[in-house]
Amino acid sequence: MTTDRAPNPQSAIRNPHFASWRIWYLLAAFGIYLVDQVTKAWAVRHLRLGQDRTIISGLLDLAYAENPGIAFGQLQNSGSWGRWALAALASAAAVAVLTYFFRTPRSDDRILGACALLLAGIAGNLTDRLRFGHVIDFIALHAGDYYWPTFNVADASICLGAGLLALDLILEGRKQKQQSAISS
């Protein structure tokens, strides 16, 4: 006799094999986090004193920047309270992503990968904010005189993770529309 009950998340967590395959996603997230921290340390050492480097003329430069705010330079003048408020917000986001990660089915690689990317990026920028009071940015993309805001590996990881989540929402929406059209 079989039942169509949803699996109990608590019993899954107690299962010793539950986290064994998830460790690979977490190791990938840790690897991205390390790349982020190493590249930021390099930027501090080699770019901080105005030693900008052009990698691809008219497209990619490496230029040191300190961002005490959030994405696209928002909340730049928030002071000490902003540092700790943004650190608290990032910590809450990391806990939420980690919770979602452990509740996601094993077969959903796109979501698991997105969560790993988000965790790596959140942790990388949170580390900077706690250590320095600002996030270190150094990648400057531009097309001629149009400059995208300077960013770092953690920011790229967050954007890719968010993009994967958005893609999953779009694809799942299409799948549900197709299934409802077939069943009607």
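Every number in this text was worked out from the coordinates using simple rules, so none of it is lab data. Since this is a predicted model, take the numbers as computed values, not measurements. For neighbour counting, all protein chains shown are included, and Cβ atoms are generated from backbone atoms with ideal geometry for every residue, glycine included.
Given their separation in residues at 0.36 nm each and the Cα-Cα distance between them, Lys175 and Ala94 gain 26.3 nm when the chain is fully extended. Taking the number of Cβ atoms within 10 Å of each Cβ as an exposure proxy, the fewest-first ranking of Ile32, Ile111 is Ile111, Ile32.
Taking other C-beta atoms within 10 Å as the exposure proxy, Thr104, Thr150, Thr54 rank Thr54, Thr104, Thr150 from fewest upward.
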